[in-house]
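Colleague: There's a structure below that I have some questions on.
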Amino acid sequence: MVIDVQSNQNKEKGYIKGELLYTIFHNELEHFSIARIKVHDTNEDYSEKEIVAKGYFTNLQDATIYNFYGQFEKHPKFGLQYQVSSYQTFIPNTKDGLIAYLSSDLFYGIGEKSATKIVNVLGENAISSIINDPDVLKDVPGLKQDKAESLAKNLKENQGFEHIVVYLSKYGIGLKMAQKIYEQYKEDAIEILEEDPYQYVFDIEGFGFQTADEIAKQNGLSLTHPNRIGAGCIYVLQKSIQDGHVYLPLEDCVRQVIYLLVHSEHTLSNDMVTNRLEQLNAEKTVIIQNGHVYLPSLYYAEDGFASHIKRLISKPIEEQIPLAELMKITGDIEEAETISYGKEQFTAINQSLHSKVTIVTGGPGTGKTTVIKGILKAYATIHDVSIRPEDYEDKSEYPFILTAPTGRAAKRLNESTGLPAVTIHRLLGWNGQDGFNKDQDEPLSGKFLIVDEFSMVDIWLANNLFKAIPDDLQVLLVGDEDQLPSVGPGQVLSDLLSSERIPFVSLNEVYRQKEGSKIIQLAHQIKNDTCTNEDLKNDKDFSFIPCHEYQMIDIITKIFMRANDKGIDLKDIQVLAPMYRSQAGITIINKHLQQMVNPKTPKKREVKTSDTTFRVGDKVIQLVNQPENGVFNGDIGEVVAIFEEDENKENVEQLVLLFDEKEVVYERKDYVNIMHAYCISIHKSQGSEFPIVLMPVVSTYNRMLRKNLLYTAITRSKQSLIICGEQHAFLRGIHTLDTNKRFTSLQEHLIERLNHVDNKKEDDLEDGEISPYDFM
Ligand SMILES: Nc1ncnc2c1ncn2[C@@H]1O[C@H](COP(=O)(O)OP(=O)(O)OP(=O)(O)O)[C@@H](O)[C@H]1O
């Protein structure tokens, strides 16, 4: 006998009945397993006695027979394997078999006698009846209550997950999602799904509204049911995060919910949605304020960030450095560095030393790094501390903290200053699911914090960072406001600037241009909207190669070949494109460049996934943050080794990637987290720099061609920039502003919170005293 649901759903499905021989691999966190199974029976076309099965199982028990449902997959090296999409303990479908199962060691206290009584009373559906309603055991004469309770509990535990997996599979929900659902609701998963599938949208990350809607429809839930409208509201807000929004205006939110939910024969009024949003607001599932609808995590992130800014600013730097003294100190630094600070640069140094939180912005080559170094040196002189970490026996006493949002940006900061710099995640001690170790209870220790590439920091990270900043830590935020905003929600840098509540200095004078850089000149022309086709003439560090979309692959390949002939290291050339699809998209460019740069040879090992072949020597990019391995979204590495299953003690195929000097091992399930990096997206290139940037630009990129995107791309190049494509498309792009306004309210939060600090500070000043606000 098998429990009810299975007979409905898996009747036609292929199965392998079998028991565990041994586990080859098990990932505790994800419950992903590869196991060798002894085959008892199957309806598949398979006659071997054993098979390797893989999928998201909980630990399989020894001496237990399972039915595995799934399909065969041919592994290029290991041959036929069974990809399991659901499974359950096999329960014999004879009365005797059922009695033997219930009286087995799995169920403590149930002997053959009790088992027989249970089967006599409850019949062949005994197990599903008990799981569905443990009270049915009351009908079994002589079965003690404690034994009945323990049996029901054990059955639920033994069968719970499998039962849920099988149940969910009828809605096309896979094992991995089932695992998430089980972890959230345990045995209540099915009950919740039947009563209100929309609850899943609220509680389970990544559970789509459409799936919930489909299930609700099958269960006969009304299309105007409040739960449906509620889930629609949450879904619309969650989706809006992908566009960088922190909130949605109430009317927009209502309109989008109606668009999502409306069904031809049903109408949904504005009032119905607005009322539902107000209920959600009352339950604190969403927050509505000033006509803005927020998900709570975003509201509290913005509000929290603003409150930390206020906290820091409310305790200003007492010590004023007399102007003459500062000029003397910076004069000494200028002499040592053989430069002369420009007016803006001096202002930036002075400002940063005098105020608790300062922002320094500027395009490429305006001297942001020069200013950072000047501030560090001046601070060290004024406070009579050493800038060299090696002078500190106790590392926790080192006064400077340098950080940036990505690994590559942190590395650049380290290289340009010669001082230790780490990612914000590492600084805060990211520990995966539990968040960050550093916070207000365990704050950062130091005297001066510098955050570079701040334009890339989203509101969640900004709030977490500022939470961990103690009252006496001075902060300098450095960034380029003309670059793309953060991938995550918010536009923290530009909101801080437009609030005009934080002292900031804009560096506008370009120094690198003086060294004759056409790239920098072009960047500033784009920024100032003065670039014309006259400015696209070839120069020593810049070329524009005209071509059509259909010629693009050919041209890019030729450029690589020519560079190779000239002895240029091909790793130094980075192709940046705005989109994956299209004839000149990232996917196709990568395919061709892999063939050209790292072709297949009999000696080079490679592994294949459904759409990619990774080969030793391939350039690859990490697509998600994996702080536990020290690799972050956007890090670029190289495949340095591939190990086969029998070549390592873990007994799994492994891909070894080298990121700078760090080796990271990937197993097959992690391959989705990487892709080829011969060509990467401009978004992913934020915070990185490359010796040579090659950028295709064609009109079919269409709406992707925006000023801040193209500006970000060209400012990634250190030595040379090659643009290939259509000049008119490029010119149109650099004059097209990104009209996709992000809905954020940080500016309002800041103005509201900081007004009273502002007034107080102005009042407190003596006549003639310099205030940080003089610099704004
Ligand atoms: N006041 C100055 N006088 C002379 N050279 C300067 C001055 N300020 C900066 N430079 C030089 O200009 C170049 C760019 O400066 P820096 O690297 O500090 O700019 P940046 O804004 O950090 O640039 P990017 O954002 O492109 O990295 C460097 O070579 C630097 O030495």
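The values are calculated or read from the model by the stated rules, or taken from the named source; none is laboratory data. Note that this is a predicted model, so its numbers are computed, not measured. Neighbour counts run over all protein chains shown; Cβ positions are idealised from the backbone, glycine included. The protein model used for the area step is the full one, side chains on, heavy atoms only, and it has no ligands, DNA or RNA in it. Shrake-Rupley method; radii C 1.70, N 1.55, O 1.52, S 1.80 Å.
Colleague: Could you look through the range 494-531, keep only residues that are away from the ligand (no atom under 14 Å from the Cβ), open to solvent by less than 40 Å² (accessible area, probe 1.4 Å) and within 30 Å of Glu752 (Cβ to Cβ), and pick out the one that is farthest from the chain's Cα centre (by Cα)?
Modeller: Out of the qualifying residues, it is Pro503.
Colleague: Can you work out which of the residues in the range 361-384 that are β-branched (Val, Ile, Thr) and within 6 Å of the ligand (Cβ to nearest atom) is surrounded by the fewest Cβ atoms within 10 Å (Cβ to Cβ)?
Modeller: Step one: list which residues in the range 361-384 are β-branched (Val, Ile, Thr), which gives 361, 366, 369-372, 375, 381-382.
Still in the list and also within 6 Å of the ligand (Cβ to nearest atom): 366, 369-370.
Numbers: Thr366: 27, Thr369: 16, Thr370: 20.
Restricting to residues being β-branched (Val, Ile, Thr) and within 6 Å of the ligand (Cβ to nearest atom), the top hit is Thr369.
Colleague: Those residues that are under 20 Å from Ala462 (Cα atoms) and part of a loop (DSSP other than H, G, I, E, B), I need them from the range 386-430; list them, please.
Modeller: Pro405, Thr406, Ala421, Gly429
Colleague: Could you look through the range 285-318, keep only residues that are among the acidic types (Asp, Glu) and in contact (Cβ under 8 Å) with a residue 60 or more places away in the chain, and pick out the one that is surrounded by the most Cβ atoms within 10 Å (Cβ to Cβ)? Break it down into steps so the answer makes sense when it comes.
Modeller: Filtering the range 285-318 for residues among the acidic types (Asp, Glu) gives 302-303, 318.
Now restrict to residues that are in contact (Cβ under 8 Å) with a residue 60 or more places away in the chain: 302-303.
On the way: Glu302: 28, Asp303: 19.
The selected residue is Glu302.
Colleague: In the range 711-745, how many residues are away from the ligand (no atom under 16 Å from the Cβ), under 25 Å from the mean Cα position of the chain (by Cα) and within 21 Å of Val575 (Cβ to Cβ)? Step through it out loud before you land on a result.
Modeller: Looking only at the range 711-745, we keep the residues that are away from the ligand (no atom under 16 Å from the Cβ), and these are 722-745.
Those left that are additionally under 25 Å from the mean Cα position of the chain (by Cα): 738-745.
Next, from what is left, pick out any that are within 21 Å of Val575 (Cβ to Cβ): none.
Residues in the range 711-745 being away from the ligand (no atom under 16 Å from the Cβ), under 25 Å from the mean Cα position of the chain (by Cα) and within 21 Å of Val575 (Cβ to Cβ): 0 in total.
Colleague: Restricting the range 532-551 to residues that are open to solvent by 40 Å² or more (accessible area, probe 1.4 Å) and of a type in the set (Ser, Thr, Tyr), which is nearest to the ligand (Cβ to nearest atom)?
Modeller: Going through the qualifying residues, I end up with Thr532.
Colleague: Here's another thing I want to ask about it. Enumerate the pairs (first residue in the range 640-657 and without any contact (Cβ under 8 Å) to a residue 24 or more places away in the chain; second residue anywhere and among the acidic types (Asp, Glu) and loosely packed, with under 14 Cβ neighbours inside 10 Å) with beta-carbon separation below 7 Å, excluding pairs fewer than 6 apart on the same chain, so at least 6 apart or on different chains.
Modeller: Val656/Glu663
Here's the yes/no breakdown for (1) closer than 23 Å to Lys13 by Cα; (2) free of Cβ contacts under 8 Å to residues at least 24 places away in the same chain; (3) part of a loop (DSSP other than H, G, I, E, B):
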site: Thr116; (1), (2), (3): no, yes, no
site: Val121; (1), (2), (3): no, yes, no
site: Glu124; (1), (2), (3): yes, no, no
site: Ser128; (1), (2), (3): yes, no, no
site: Asp135; (1), (2), (3): no, yes, no
site: Lys153; (1), (2), (3): no, yes, no
site: Tyr171; (1), (2), (3): yes, no, yes
site: Lys176; (1), (2), (3): yes, no, no
site: Gln179; (1), (2), (3): yes, no, no
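Colleague: If you take the residues in the range 37-71 that are over 15 Å from Lys17 (Cβ atoms) and part of a strand (DSSP E or B), which one is most open to solvent (accessible area, probe 1.4 Å)?
Modeller: Going through the qualifying residues, I end up with Gln71.
Colleague: Turning to a different aspect of this structure: List pairs: first residue in the range 594-617 and in contact (Cβ under 8 Å) with a residue 60 or more places away in the chain, second residue not in a strand (DSSP E or B) anywhere in the structure, Cβ distance under 6 angstrom, at least six positions apart or on different chains.
Modeller: Val597/Leu570; Lys608/Pro76; Thr609/Tyr671
Colleague: On to the next question. So, Leu353, is that one out of contact with any Phe, Trp or Tyr (no Cβ under 7 Å at 6 or more places or on another chain), more than 14 Å from the ligand (Cβ to nearest atom), over 24 Å from Gln686 (Cβ atoms) and not small (Gly, Ala, Ser) or not?
Modeller: Taking the combined requirement at face value, the residue does not satisfy it.
Colleague: Sticking with this structure for a sec: List the strands (runs of 3 or more DSSP E) inside the range 470-566, counting only whole elements, that have at least 1 residues being farther than 30 Å from Ala404 by Cβ.
Modeller: Details: elements: 474-479, 504-507, 542-546.
Once the strands (runs of 3 or more DSSP E) in the range 470-566 are filtered for at least 1 residues that are farther than 30 Å from Ala404 by Cβ, what remains is 542-546.
Colleague: OK, next. Here's a check for you: in the range 385-410, which residue that is more than 13 Å from the ligand (Cβ to nearest atom) and basic (Lys, Arg) is farthest from Gln686 (Cα to Cα)? Give the derivation first.
Modeller: The first filter runs over the range 385-410 and keeps only residues more than 13 Å from the ligand (Cβ to nearest atom), leaving 385-403, 405-407, 410.
From what is left, the residues that are basic (Lys, Arg) are 388, 395.
Numbers: Arg388: 29, Lys395: 31 Å.
Filtering first and then ranking leaves Lys395.
Colleague: Restricting attention to the range 353-376, does a residue exist that is among the hydrophobic types (A, V, I, L, M, F, W, C) and either under 30 Å from Val236 (Cβ atoms) or over 39 Å from the mean Cα position of the chain (by Cα) (or both)?
Modeller: no
Colleague: Of all the residues that make up the range 455-469, how many are away from the ligand (no atom under 16 Å from the Cβ), in a helix (DSSP H, G or I) and of a type outside the set (Val, Ile, Thr)?
Modeller: Residues in the range 455-469 being away from the ligand (no atom under 16 Å from the Cβ), in a helix (DSSP H, G or I) and of a type outside the set (Val, Ile, Thr): 8 in total.
Colleague: Which condition from (1) modelled with pLDDT under 90; (2) in contact with a helix residue (DSSP H, G or I) (Cβ under 6 Å, 6 or more places away or on another chain); (3) within 16 Å of the ligand (Cβ to nearest atom) is the one that Trp430 breaks?
Modeller: Among (1) modelled with pLDDT under 90; (2) in contact with a helix residue (DSSP H, G or I) (Cβ under 6 Å, 6 or more places away or on another chain); (3) within 16 Å of the ligand (Cβ to nearest atom), Trp430 violates only (3).
Colleague: Right, here's the next one. Which residues, counting only those in the range 351-408, are of a type in the set (Gly, Ala, Ser) and in contact (Cβ under 8 Å) with a residue 40 or more places away in the chain? Even if it seems obvious, please write down each step before you answer.
Modeller: Let us first name the residues in the range 351-408 that are of a type in the set (Gly, Ala, Ser), namely 352, 355, 362-363, 365, 367, 374, 378, 380, 386, 396, 404, 407.
Matches in the range 351-408: Ser352, Ser355, Gly362, Gly363, Gly365, Gly367, Gly374, Ala378, Ser396, Ala404, Gly407.
Colleague: Please give the number of the condition Ala523 fails out of (1) of a type in the set (Gly, Ala, Ser); (2) touching a residue at least 24 places away in the same chain (Cβ under 8 Å); (3) farther than 17 Å from Gly363 by Cα.
Modeller: Looking at each condition in turn, Ala523 falls short on (3).
Colleague: Checking the condition modelled with pLDDT of 95 or more and within 30 Å of Glu183 (Cα to Cα), which residue from Ile450, Ile459 passes?
Modeller: Numbers: Ile450 fails: within 30 Å of Glu183 (Cα to Cα).
Result: Ile459 is the single residue among Ile450, Ile459 that is modelled with pLDDT of 95 or more and within 30 Å of Glu183 (Cα to Cα).
Colleague: State all residues of the range 231-250 that are without any contact (Cβ under 8 Å) to a residue 60 or more places away in the chain and within 18 Å of Glu205 (Cβ to Cβ); if no residue qualifies, say none. First the steps, then the outcome.
Modeller: Restricting attention to the range 231-250, the residues satisfying the condition of being without any contact (Cβ under 8 Å) to a residue 60 or more places away in the chain are 231-232, 235-239, 242, 250.
Correct list: Ala231, Gly232, Tyr235, Val236, Leu237, Gln238, Lys239, Gln242.
Colleague: Another question, if that's okay. Restricting the search to the range 321-345, which residues are open to solvent by 50 Å² or more (accessible area, probe 1.4 Å), of a type outside the set (Asp, Glu) and more than 9 Å from the ligand (Cβ to nearest atom)?
Modeller: Filtering the range 321-345 for residues open to solvent by 50 Å² or more (accessible area, probe 1.4 Å) gives 322-325, 327-328, 332, 335-340, 343-344.
This time we only want the ones that are of a type outside the set (Asp, Glu), so: 322-324, 327-328, 336, 338-340, 343.
Answer for the range 321-345, where residues must be open to solvent by 50 Å² or more (accessible area, probe 1.4 Å), of a type outside the set (Asp, Glu) and more than 9 Å from the ligand (Cβ to nearest atom): Pro322, Leu323, Ala324, Met327, Lys328, Ala336, Lys343.
Colleague: Specify the residue that is most open to solvent (accessible area, probe 1.4 Å); the eligible residues are those in the range 685-701 that are part of a helix (DSSP H, G or I) and in contact with an Asp or Glu (Cβ under 6 Å, 6 or more places away or on another chain).
Modeller: Filtering the range 685-701 for residues part of a helix (DSSP H, G or I) gives 685, 699-701.
If we keep only those that are in contact with an Asp or Glu (Cβ under 6 Å, 6 or more places away or on another chain) too, we end up with 699-700.
Details: Ser699: 42, Thr700: 69 Å².
Per the stated criteria, the residue is Thr700.
Colleague: Please list, ordered by first then second residue, the pairs with beta carbon atoms under 7 Å, 6 or more apart or interchain, first in the range 32-43 and on the phi > 0 side of the Ramachandran plot, second open to solvent by less than 30 Å² (accessible area, probe 1.4 Å) and in a strand (DSSP E or B).
Modeller: No pair meets every condition.
Colleague: Among the residues of the range 162-174, write down those that are over 13 Å from Leu193 (Cα atoms) and either open to solvent by less than 10 Å² (accessible area, probe 1.4 Å) or charged (D, E, K, R) (or both).
Modeller: Answer for the range 162-174, where residues must be over 13 Å from Leu193 (Cα atoms) and either open to solvent by less than 10 Å² (accessible area, probe 1.4 Å) or charged (D, E, K, R) (or both): Glu162, Val166.
Colleague: Which of the residues belonging to the range 471-488 are in contact with a strand residue (DSSP E or B) (Cβ under 8 Å, 6 or more places away or on another chain) and within 16 Å of the ligand (Cβ to nearest atom)? Full working, then the answer.
Modeller: We begin by selecting, within the range 471-488, every residue in contact with a strand residue (DSSP E or B) (Cβ under 8 Å, 6 or more places away or on another chain); these are 473-481.
Across the range 471-488, the qualifying residues are Leu476, Leu477, Val478, Gly479, Asp480, Glu481.
Colleague: Which of the residues that make up the range 702-718 are modelled with pLDDT of 90 or more and either open to solvent by less than 20 Å² (accessible area, probe 1.4 Å) or farther than 18 Å from Gly733 by Cα (or both)?
Modeller: So in the range 702-718, the residues modelled with pLDDT of 90 or more come out as 705-707, 709-717.
Once the filter is applied, which keeps residues that are modelled with pLDDT of 90 or more and either open to solvent by less than 20 Å² (accessible area, probe 1.4 Å) or farther than 18 Å from Gly733 by Cα (or both), the range 702-718 yields Leu705, Leu709, Leu710, Tyr711, Thr712, Ala713, Ile714, Thr715, Arg716, Ser717.
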